[in-house]
Amino acid sequence: MDVVIGLGEVGCNIAQKFADYSQYDVHYIDSEKRKLDNFLYITPRASHEEYEQKTRLKNVFFKSMKGHVLFVVSGGSTISGASLRILEKVRHLPTSILYIKPDSGHLSSTEVLHDRATFGILQQYTRSAIFERMYVIDNARLESIIADAPVMGFYDRLNELIVSTIHMVNVCDNSKTVINTFSEPPKTARISTLGIVDTLAGEEKLFYDLTLPREKVYYYVINRDKLENEGGLLRTISQQVKEKSDENLRSSFGIYPTDYEEDYAYCLVHATLVQEENVEESV
């Protein structure tokens, strides 16, 4: 993915983390003015519905965008009502959604409705292949993963975890493996999440609890010297991945050499089911 568009406070804060990497062309949209390059100010609106119906966007802001678009939004925000307006402007480009699902325990009743509506609509569009993929991130899960982080800068750490994980998966997708068992995921499996994996124990910490996942892809980034000299590593990784599979869930892996001293592993999980809806209605 080449272009990142962040909407609202959460979307813009996450997009700023992508700007730390040269591979991304980052843009920001908010109804609060920010001193950022590639920033578009939109008129504040009183409600989710008004953002959807009345938001006006300058075509010139989108004119230079090329490549794959990643649109970043938090569903509980009022400004998320402008999402489809913005996505319409980049409909000619392959587009994925990075959806930040807020902790419902921290939301008002109105914000819960915003999240429910935005989450459902964007999933339905993704499932219909209007968008290539929708990555779902649950803030409550991230908070449990970095629970030991200090209060100051806590959400900054959350955003770093999200962005560094996505970035490393992108790096792997554009790098050669030493060995892999990859295959094409089902074309209908477009609702996804990510996670980090303990390379020793194989324990994974997913960023969202997908219902009925169909495909898991593991990326092992291993020290080059270890790959050249340590016996049994392939067997260990193969066994870890095999244990994650069953008759309804296919798992695969790729091993990538690195000069980092530490090893890292990441997980990408795909589902066909629209999440948090009645299963019988969504299958």
(request) Only residues that are surrounded by 15 or more Cβ atoms within 10 Å (Cβ to Cβ) and either small (Gly, Ala, Ser) or assigned to a loop (DSSP other than H, G, I, E, B) (or both): list them for the range 180-193, please. (result) THR181, PRO185, ALA189, ARG190, SER192
(message) Being over 30 Å from LYS187 (Cα atoms) and not hydroxyl-bearing (Ser, Thr, Tyr): is that true of ILE100 here?
(response) no
(request) Consider ILE79 carefully, then state whether it is among the aliphatic types (A, V, I, L, M) and either free of Cβ contacts under 8 Å to residues at least 12 places away in the same chain or more than 22 Å from LEU36 (Cα to Cα) (or both). (result) no
(request) Could you list all residues from the range 61-75 that are at pLDDT 95 or above and assigned to a helix (DSSP H, G or I)? (result) PHE61, PHE62
(message) part of a strand (DSSP E or B), in contact with a helix residue (DSSP H, G or I) (Cβ under 9 Å, 6 or more places away or on another chain) and open to solvent by less than 30 Å² (accessible area, probe 1.4 Å): which single residue out of ILE137, ILE166, ILE196 fits that description?
(response) ILE137
(message) Given the criterion small (Gly, Ala, Ser), over 24 Å from THR165 (Cβ atoms) and not in a loop (DSSP other than H, G, I, E, B), identify the matching residue among ALA46, ALA117.
(response) ALA117
(message) Here's a check for you: in the range 154-163, which residue that is closer than 19 Å to TYR264 by Cβ and touching a residue at least 12 places away in the same chain (Cβ under 8 Å) is most open to solvent (accessible area, probe 1.4 Å)?
(response) GLU160
(request) Look at the range 83-98 and say how many of its residues are open to solvent by 50 Å² or more (accessible area, probe 1.4 Å) and either under 15 Å from PHE61 (Cβ atoms) or assigned to a loop (DSSP other than H, G, I, E, B) (or both). (result) 6
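Out of all the residues in the range 253-283, which are under 30 Å from ILE121 (Cα atoms), outside any loop (DSSP other than H, G, I, E, B) and open to solvent by less than 80 Å² (accessible area, probe 1.4 Å)? Break it down stepwise before answering.
Looking only at the range 253-283, we keep the residues that are under 30 Å from ILE121 (Cα atoms), and these are 266-283.
Add one more test, that the residue is outside any loop (DSSP other than H, G, I, E, B), and what stays is 266-271, 279-282.
Correct list: TYR266, CYS267, LEU268, VAL269, HIS270, ALA271, VAL279, SER282.
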(message) So the check is Cβ under 8 Å with 6+ separation or different chains; which pairs have a first residue in the range 129-153 that's within 19 Å of VAL169 (Cα to Cα) and a second one that's in a strand (DSSP E or B) and open to solvent by 40 Å² or more (accessible area, probe 1.4 Å)?
(response) ILE145/ILE196; ILE145/LYS205
(message) Could you check the range 33-46 and list, in sequence order, the residues that are modelled with pLDDT of 95 or more and either polar (S, T, N, Q) or within 25 Å of the chain's Cα centre (by Cα) (or both)?
(response) ASN38, PHE39, LEU40, TYR41, ILE42, THR43
(message) For the structure I just gave you, tell me whether ILE237 is at pLDDT 95 or above and either under 24 Å from LEU98 (Cβ atoms) or more than 18 Å from the chain's Cα centre (by Cα) (or both).
(response) no
(request) Scan the range 207-220 and give yes if some residue there is surrounded by fewer than 16 Cβ atoms within 10 Å (Cβ to Cβ) and under 24 Å from ASN174 (Cβ atoms), otherwise no. (result) no
(request) Enumerate the pairs (first residue in the range 204-221 and in contact (Cβ under 8 Å) with a residue 40 or more places away in the chain; second residue anywhere and of a type in the set (Lys, Arg) and part of a strand (DSSP E or B)) with beta-carbon separation below 6 Å, excluding pairs fewer than 6 apart on the same chain, so at least 6 apart or on different chains. (result) GLU215/ARG250
(request) Taking THR177 as the residue in question, decide whether it is of a type in the set (Ser, Thr, Tyr), open to solvent by 30 Å² or more (accessible area, probe 1.4 Å) and either closer than 30 Å to ASP103 by Cβ or not in a loop (DSSP other than H, G, I, E, B) (or both). (result) no
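The values are calculated or read from the model by the stated rules, or taken from the named source; none is laboratory data. Source: prediction; values computed, not measured. Cβ sites come from the backbone with ideal geometry, for glycine too, and all protein chains shown count toward neighbours. When the accessible area is computed, the model is the full protein with side chains, heavy atoms only, and any ligands, DNA or RNA have been set aside. Shrake-Rupley method; radii C 1.70, N 1.55, O 1.52, S 1.80 Å.
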